[in-house]
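Below: the structure, in structure tokens.
No lab work stands behind these numbers, since they all come straight from the coordinates. As the structure is a computational prediction, the values presented were derived from the model and not from experiment. Because the Cβ atoms are built from the backbone with ideal geometry, glycine has one as well, and the counts that use them run over all protein chains shown.
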Amino acid sequence: MNEAIRPNPEVPPPVIAAPQLSVIIPTFNERDNVVTLFRRLETALAGVNWEAIFVDDNSPDRTWDVVRGLARQDPRARCIRRIGRRGLSGACIEGILASSAPCAAVIDADLQHDETQLPKMLGLLQADTADLVVGSRYVEGGSADSFNKQRAGASALATELARGVLRVKIADPMSGFFMIRRDRFEQLAPQLSTQGFKILLDIVATGRGSLRVKEIPYTFGSRLHGESKLDSMVALDFLGLLLAKLTRDAVTLRFLLFAMVGSLGVLVHFAALYTALEAFAVPFPEAQAFAAFCAMTSNFVLNNFFTYRDLRLKGFAILRGLLLFYLVCSVGLLANVGVAFSVYDQEPIWWLAGAAGALMGVVWNYAMSGLFVWRKR
């Protein structure tokens, strides 16, 4: 039986041209756009051996099913369907690492990027004049006129922060349209965050000036179908990335976001404590316990929807996760107090002891939450 399925060594395998370019397309609820984009790529990349890798985060609109139908008709289309993982940056990383071409481009599925620039970008990489080519809205000839005033202002502020804080020297570090040599990307990949939307900024900041970068202008278009994936939490996500890169990745983006949520939890704790004491005259021990549970609950909700949104708990798993989070944080509180007392015995400085205890509590809660509450599935 095994002999029947072995390839005949006397028959040479069919010659299939290896792709020169892999186009990585992260998708979530983009079923109305993927076929149109694929046909546009077909036109723009005429004469180029290419493949399109759609990385779909298990879209409720079954975008992945449309891509699979396309792949049955054209082998240049491939689909990676991710279950239990979310996030544009993570999708781009997985797509590029799964590619087989020496060059990989990232382009949105919403038809707002200009695919006609891809041959020019590929030419710059193949001529070995750049390691990374960025489609830029902010160099001469580029445009982002389709932005409304609010989004234009947010984009300009984020760009200035990225360039000023991280010393990034490109005009459009927030662009989601770029092409990179795969060998250079693989060198940086272990240090990149799988969270967030700003994969290009992460690449450039992680490269720390080692990448040869060229920018070419393009006009950012208007979305035809679907809805923008940007939400109110993107700003915090971006801030967390800035802080992570400022520390040269000594701490991860996820840890920083976890700590930021914990800081908000302190405010929730004091607000709940004050309300219980002043508005309802609850005795202090009961009020303190009530405030602690309010803070832990708010931290769980924010972490589930933000810090761990790529591993977000749903359905019955939310209740199980909340109970585990209560347990983890209760032990973390004991660790906090124990370390604080120990430091205070050695050096009776209240703020130093308090900070040491708080840090211990955050580290414990973060480590145990990742181990037991938001486990990778």
Original post:
Which of the peptides 340-347, 258-265, 185-192 is most tightly packed, and how do the rest follow, judged by the mean count of other Cβ atoms within 10 Å per residue?
Top reply: 258-265, 185-192, 340-347
Original post:
Once the Cβ-Cβ distance between D65 and A289 is put in as r, and R0 is 41 Å, what FRET efficiency do you end up with, to the nearest 0.05?
Top reply: 0.25
**OP:** Using per-residue counts of other Cβ atoms within 10 Å, averaged over each peptide, order 35-41, 106-112 from highest down.
**Re:** 106-112, 35-41
Subject >> segment 55-157 shape via C-alpha gyration tensor axes, a/c threshold 1.5 >> reply: oblate
Original post:
From the Cα gyration tensor of segment 253-373, with a ≥ b ≥ c the square roots of its eigenvalues, which class applies: rounded if a/c is under 1.5, or else prolate if a/b is larger than b/c, or else oblate?
Top reply: oblate
Subject >> Over segment 28-87, relative contact order from alpha-carbon pairs under 8 Å, at least 6 apart, % >> reply: 39
**OP:** Evaluate E = 1/(1 + (r/R0)^6) for V331 and A46, where r is the Cβ-Cβ distance and R0 equals 56 Å; express this FRET efficiency to the nearest 0.05.
**Re:** 0.35
**OP:** Rounded to the nearest 10 degrees, what's the angle between the helix 88-97 long axis and the longest principal axis of the chain, both from Cα atoms, 0 to 90?
**Re:** 50
Original post:
When only C-alpha pairs under 8 Å and at least 6 residues apart count, what is the relative contact order of the chain, in percent?
Top reply: 14
Subject >> Theoretical gain in end-to-end length, F316 to V301 [0.36 nm per residue, Cα-Cα removed] >> reply: 4.0 nm
Original post:
Relative contact order for segment 21-230 using alpha-carbon pairs under 8 Å, separation at least 6, rounded to a whole percent?
Top reply: 27
Subject >> Cross-link pairs beyond the 20 Å C-alpha cut-off, checked among K169/K245; K314/K376; K120/K214; K169/K198; K169/K214; K120/K245 >> reply: K120/K245
**OP:** Pull out the extension gain between E140 and T219, defined as 0.36 nm times the separation in residues minus the alpha carbon to alpha carbon distance; nm, one decimal.
**Re:** 27.4 nm
Original post:
Once the Cα atoms of helix 350-368 and of the chain are each reduced to a long axis, what angle between those two axes, in degrees from 0 to 90 to the nearest 10, is obtained?
Top reply: 50
**OP:** Express in nm, to one decimal, how much length is gained between R72 and A250 on full extension, taking 0.36 nm for each residue of separation and deducting their alpha carbon distance.
**Re:** 59.6 nm
Subject >> Crossing angle, helix 34-44 versus the chain [Cα axis fit, 0-90 degrees, rounded to tens] >> reply: 50
